[in-house]
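Report on the following structure.
The values are calculated or read from the model by the stated rules, or taken from the named source; none is laboratory data. In this text the structure is predicted, and so the values were computed from the model without any measurement. Every residue, glycine among them, receives a Cβ derived from its backbone with ideal geometry; neighbour counts consider all protein chains shown.
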Amino acid sequence: MTDISGWLKAIQLPPRFLAGFAIIGGSLLAMPQKWAEWLHVTAATSQYRWIVTTVTGVAAVFWLVQMIPTAASQVQLWRLRRHSLTRMDTLGVMERAVLAYCLIKNVRTVVLYEHHAVAQSLVGKGLLVFSGTRAANARSYPFGVPDHVWRYIQDNPKSILSDWNPSNPEFVQQVVAAYRQVEDMPWWGTVR
């Protein structure tokens with residue numbers, strides 16, 4: 001019986017190598033005879049055609065098998081992002097204050113207590129993420145607004161700023177004051 005463990009290691013090759021083998025093999029198989037003669041690969045395109053075809057097919061299949069989980073995780077990530085944006089309508093005043101502060105000040109990161117109720121609520125809804133290690137205070141963490149949420153609130157500021165009147169001259173101060181109330185809230189407080 002032949003030991004095929006060496007051949008099965010081809011499955012473990014990175015996808016970029018497998019795609020490269022498939023592209024090179026496909027190019028050799030589809031190459032016109034004049035080009036094959038000019039590149040001195042007529043033996044590969046005529047005498048060893050079945051080997052090139054087999055290697056190309058195996059590489060393409062292994063590449064596809066490796067790409068299926070990657071594609072599935074990308075689709076799942078896209079669905080989670082889309083679902084997190086549907087939760088914008090469910091935000092409370094304090095949660096909107098955090099995102100409004102980010103929008104008004106044009107910052108994507110806020111520092112709140114690690115277990116801050118408002119921050120954890122926004123993290124649970126997918127509208128904030130942990131964005132690093134501890135801040136200067138041992139219990140404070142930086143929370144960041146993900147790219148897809150940032151683009152959404154920049155394109156649709158009314159979805160966040162519905163509690164405040166932008167035509168009011170003290171609009172920015174009101175948003176900052178609302179954020180400061182959230183910031184000063186004890187971390188075990190409840191979300192309103």
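General remarks:
- Any hit, region 111-126, residues being in contact with a His (Cβ under 8 Å, 6 or more places away or on another chain) and part of a loop (DSSP other than H, G, I, E, B): yes
- Any hit, region 21-39, residues being under 19 Å from VAL149 (Cα atoms), among the acidic types (Asp, Glu) and either in a helix (DSSP H, G or I) or touching a residue at least 60 places away in the same chain (Cβ under 8 Å) (or both): no
- Looking across region 65-109, just one residue is at negative phi, outside any helix (DSSP H, G or I) and loosely packed, with under 13 Cβ neighbours inside 10 Å, and that is VAL107.
A quick yes/no check of all residues on (1) modelled with pLDDT of 85 or more; (2) of a type in the set (Asp, Glu):
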| position | (1), (2) |
| --- | --- |
| ASP89 | no, yes |
| LEU103 | yes, no |
| VAL111 | no, no |
| HIS116 | no, no |
| VAL123 | yes, no |
| GLY126 | yes, no |
